[in-house]
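Since the structure comes first, as structure tokens, the remarks are kept for the end.
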Amino acid sequence: MLCLIKGPYLQWPTMDSMTVMWETSQPSSSRVEVLAAERIHSGYQGNYKPPEHRVLSAFENDGDSTIHQVTVRNLEPGMIYFYKIHSENAHGSIESGPYPMKTAVRKGEPFSFTVTSETGGFSGFDTSNGQINIRIFDQMHRYRPDLALFIGDIVNDGNQYEDWETYFFGPGQPFLTSTPSYSCLGNHEDGASWYDDFFAFSPPKNYYSFDYGDVHFTCLDSTDFIPKESYPHSAGPIGPGQAQVDFLIRDLESASARWKIVYFHYPPYVSGGYQVEDLRQLCPIFEQYGVDLVFNSHTIVYERSHPLREGKVDYQEGIVYIVAGGAGAMPEWLLPKREWHTSQSVAVPHLVQVVATTDHLKINAIDAEGRLFDSMMIRKGPDDTKAFY
Ligand SMILES: [Fe+2]
């Protein structure tokens, strides 16, 4: 019998397209229907609902597969739609949906996103109050973000097929059905091919970039810079001439968005433990090309740095480094004191929620019970001068 194993889940939103993925138990066909969202009114409450029969368009792939990836096109920017998936073969058929989805907004339009990582729960979950990753997925869903970033270690062992369901796609339902997600490689993914199979990032997939509203996002693969044979050190100097560094420079140089955010797994700045200082070789590139914010993980804490530039605190032009290792186990190795670069550091399960407008990035850190425990605002003036609140 044909069964739905994973998803559906959303990938790679643009202003006119969305990629829908799912996994079935057997090779089968792939079809996605896009439905118009109708605004309905019930008393004073407005709401959206999928219409019963208003199919705007349908997209399907040739041939059968178990991991399905269909890109639906000709959509409008910043619009809410609904979608349904359908697969069939000689043994049966599956259908799922309708689920809501929203296309990327235009430049100049506000949006929000969440950041967390470590859903793989390295060293075991505290299950006395439910798995941490499920609680964090639930909290993120409450904020209805336009997209979600995961900063690696979303599984315990990336080479184990079952791990992707156990730690990420399983607990991530239904959040991932309606929220496009991005991830980067952590050490626990171990460069496994399942990462390439389950995500629709642009090649070479372990690093990529995209625009959304007024933000340019760049994802790097820090496990490529810090191979496990030499961890926590780089195999050699990190700099131009390496494919990923050349990509980074070209990418940041050509990015025209108002804000630039970079994310990768190993933290160049964290006082909780597991700091990977060799990655500070990348910081002069971030500084030269106007990066505003860096997200890292690996250490299972929340930590926000002071704005940093040239290895010093700089509240004029610095870059804020945030470790968002929030959806995994409770830390057992926390170092006893902060470092000079630490502004706030709290070892609690959490998510980070960011609201991005043309002139402001509002950053909120929220715990597994939904309580705000840290926030900051970065404001950028017309001449690109920054202020931190
Ligand atoms: Fe890690």
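The values are calculated or read from the model by the stated rules, or taken from the named source; none is laboratory data. Given the structure is predicted, the values throughout are model-derived calculations rather than measurements. Using ideal geometry, Cβ is built from the backbone for each residue, glycine included, and neighbour counts are taken over all protein chains shown. SASA here: full protein model, heavy atoms, side chains in, ligands and nucleic acids out. Shrake-Rupley method; radii C 1.70, N 1.55, O 1.52, S 1.80 Å.
What separates the Cα centres of segment 159-175 and segment 347-389 is a distance of 28 Å.
Taken per residue, the accessible surface of the chain reaches 41 Å², heavy atoms only and a 1.4 Å probe. Take I5: with every protein chain present and a 1.4 Å probe, its accessible area is about 70 Å². The trypsin sites (Lys or Arg not before Pro) of segment 219-260 meeting both criteria, a DSSP state outside H, G, I, E and B (loop) and at most 15 other C-beta atoms within 10 angstrom of the site's C-beta, are K228.
Qualifying trypsin sites (Lys or Arg not before Pro) in segment 293-389, where qualification requires a DSSP coil assignment and no more than 16 other C-beta atoms within 10 Å, comprise K337, R338, R371. Once the C-beta distance of V346 and V55 is scaled by a Förster radius of 41 Å, the resulting FRET efficiency is 0.30 to the nearest 0.05. For S93 and K312, the FRET efficiency from 1/(1 + (r/R0)^6), where r spans their Cβ atoms and R0 equals 41 Å, is about 0.10.
By the Cα gyration tensor, the chain has an equivalent ellipsoid whose semi-axes, rounded to whole angstrom, run 34, 24, 21 from largest to smallest. As a ratio to 2.2 N^0.38 Å, the alpha-carbon radius of gyration for segment 190-344 is 1.02. By DSSP, the beta bridges lying fully in the chain are antiparallel in about 80 percent of cases. Here is the list for segment 300-389: GluC sites (Glu not before Pro) lying in DSSP coil, each with at most 11 other C-beta atoms within 10 angstrom of its C-beta, are E310, E332, E369. For the chain, the longest principal axis of the C-alpha atoms and the axis of helix 132-142 are separated by about 70°. For segment 1-40, the equivalent ellipsoid derived from the alpha-carbon gyration tensor has semi-axes of 24, 14, 9 Å in decreasing order.
Using Cα atoms only, what is the angle between the long axis of helix 243-254 and the major principal axis of the chain, expressed in degrees (0 to 90) to the nearest 10? Helix 243-254 sits roughly 80 degrees off the main axis of the chain. Note on the chain: Lys pairs 8 or more places apart or on different chains, Cα atoms under 19 Å apart, count 14. Rolling a 1.4 angstrom probe over the chain with all protein chains present gives an accessible area of which 48% lies on carbon and sulfur atoms.
At a Förster distance of 45 Å, what's the computed FRET efficiency of F388 paired with K228, Cβ-Cβ distance as r, to 0.05?
0.80
Spatial offset of segment 280-342 relative to segment 84-110 amounts to 36 Å, using the alpha carbon center of each. Using the Cα coordinates of segment 265-389, the gyration tensor eigenvalues translate into equivalent-ellipsoid semi-axes of 23, 18, 11 Å, sorted from longest to shortest.
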